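Trainee: Take this structure first; my questions come after.
The values are calculated or read from the model by the stated rules, or taken from the named source; none is laboratory data. Every value quoted in this text rests on a predicted model; they were computed, and no experiment measured them. We place every Cβ from the backbone using ideal geometry, glycine too, and count neighbours over all the protein chains shown. Quick note on the areas: whole protein, heavy atoms, side chains included, nothing else; ligands and nucleic acids left out. Shrake-Rupley method; radii C 1.70, N 1.55, O 1.52, S 1.80 Å.
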Amino acid sequence: MQVGHSHGVKYYLFPRLAALPGVRHAVFTRQGGVSRGAFASLNISFGVGDDPGAVRENRRRLAAALGLTTLRSARQVHGLGAAVIEGPLPAGQPPETADILLTTRPGLGLLIAGADCQAVMLYDPGRQVAANVHCGWRGQVQDVLGRAVRLLKVEFGCRPEDLHAAIGPGLGPCCAEFVNYRREFPRELWDYQVRPGYFDLWRLSTDQLAAAGVPPGRIECARLCTRCLPEDFYSYRRERTTGRHGAVIALSGAPRP
Ligand SMILES: [Zn+2]
């Protein structure tokens, strides 16, 4: 991963996604914001008990770092719901409930919040469609990534073989322990254990994207463990009461390749 900075905000970039025209993205860390205490400092979630004014300022910094005027997020519920987002949230309207966000509108950033769950970005350079997916283990059990690829196909005519995918930071095989995995994971996923009870959720996302038709050569994985990197990332497993870091993808509206 490449590292970038903007006015004290630290973020990571996927090298191959960053090299593509027509799209911009950033995996933000927790550094460079104004939130305090357990939420220090770049928390982007209104739903964890942080000061809303601080969250608004943090989100403003994310948008500024990417040169975006609009940043949109949804209420994430570890489900298969999707929202096509093509403009700012109308005043007074609550955000959608969705774990899959899609857009064709240049300059509109799709924001996924995380604290151990992966944000998985998808991009079709030809059709100029971007998606950002909240992908925790509950989403993986439901194959939320396969669902996202199918939606891109059905709603926008994207061919899976044209997609680029980037798997964000999340619990690594070092820390993804599931004591109750026999109850929580279907048997076909038990092979993803690297030792008893510990799962390689990075490989699982890679395989689910490949099974949906994304070419393996177009799948990038951050391979950064949120629980092992307390300076960079919030981790629910590590801290329980904590903030959420943000991952953003946006179409830049550059000429098509
Ligand atoms: Zn770890």
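Trainee: May I have the pair-distance distribution P(r) for segment 157-238, computed from all Cα-Cα distances with 10 Å bins from 0 and rounded to whole percent?
Mentor: 18, 41, 32, 9, 0
Trainee: Using +1 at the C-beta of Lys and Arg and -1 at the C-beta of Asp and Glu, which of L66, V194, G33 has the Cα lying farthest in the positive direction of the dipole of the chain?
Mentor: My answer, from the dipole projection, is G33.
Trainee: Still on this structure: In the chain, what percentage of the DSSP-assigned beta bridges are antiparallel, given to the nearest 5?
Mentor: Once the DSSP bridges in the chain are tallied, antiparallel ones form about 75 percent.
Trainee: Right, something else. Could you pull the Rg and Dmax for segment 1-116, using just the Cα atoms, both in Å?
Mentor: When restricted to the Cα atoms of segment 1-116, Rg and Dmax are 14.2, 39 Å.
Trainee: When the dipole is taken about the Cα centre of the chain, and only Lys, Arg (+1) and Asp, Glu (-1) are charged at their Cβ, what size is it in debye, to the nearest 20?
Mentor: Its charge dipole is roughly 240 debye.
Trainee: Now, a different point. Set the Förster distance to 22 Å, then compute FRET efficiency between R182 and V77 from the Cβ-Cβ distance, nearest 0.05.
Mentor: 0.35
Trainee: Also, I was wondering about something else. Just the number, please: carbon plus sulfur as a percent of the accessible area of the chain, 1.4 Å probe, no ligands or DNA/RNA counted.
Mentor: Answer for the chain is 50 percent, counting heavy atoms of protein chains only.
Trainee: Out of the DSSP beta bridges found with both residues in segment 65-144, what percent are antiparallel (nearest 5)?
Mentor: Of all bridge pairs located within segment 65-144, approximately 60 percent are antiparallel.
Trainee: While we're looking at this one, here's another question. Work out how far the C-alpha atoms of the chain reach from end to end along every principal axis, then list the three figures in whole Å, largest first.
Mentor: So the three principal-axis extents are 46, 45, 35 Å.
Trainee: Work out the charge dipole of the chain with +1 on the Cβ of Lys and Arg and -1 on the Cβ of Asp and Glu about the Cα centre, then indicate which of H7, Q93, Q76 is farthest towards its positive end.
Mentor: Toward the positive end, the furthest listed residue is H7.
Trainee: Could you work out which residue, out of D51, D232, D99, moves most in a Gaussian network model of the chain, that is, has the largest mean-square fluctuation with Cα springs under 10 Å?
Mentor: Largest GNM mean-square fluctuation: D51.
Trainee: I'd like to compare 84-94, 62-72, 100-110, 157-167: which one has the highest average count of other Cβ atoms within 10 Å, and what's the full order after that?
Mentor: My ranking of the peptides, most packed first, is 100-110, 157-167, 62-72, 84-94.
Trainee: Which listed residue (A211, C158, T242) has the Cα farthest towards the positive end of the charge dipole for segment 119-257, taking +1 on Lys and Arg C-beta and -1 on Asp and Glu C-beta about the Cα centre?
Mentor: The residue sitting farthest along the positive end of the dipole is T242.
Trainee: In segment 141-200, how does Rg compare with the Kirkwood Rh, expressed as the Rg/Rh ratio over alpha carbon atoms?
Mentor: Taking Rg over the Kirkwood Rh, I get 1.09.
Trainee: Let me ask something else. Say we join alpha carbon atoms closer than 10 Å with springs in a Gaussian network model of the chain; which of R61, R16, R30 then has the biggest fluctuation?
Mentor: Of R61, R16, R30, the most mobile in the Gaussian network model is R16.
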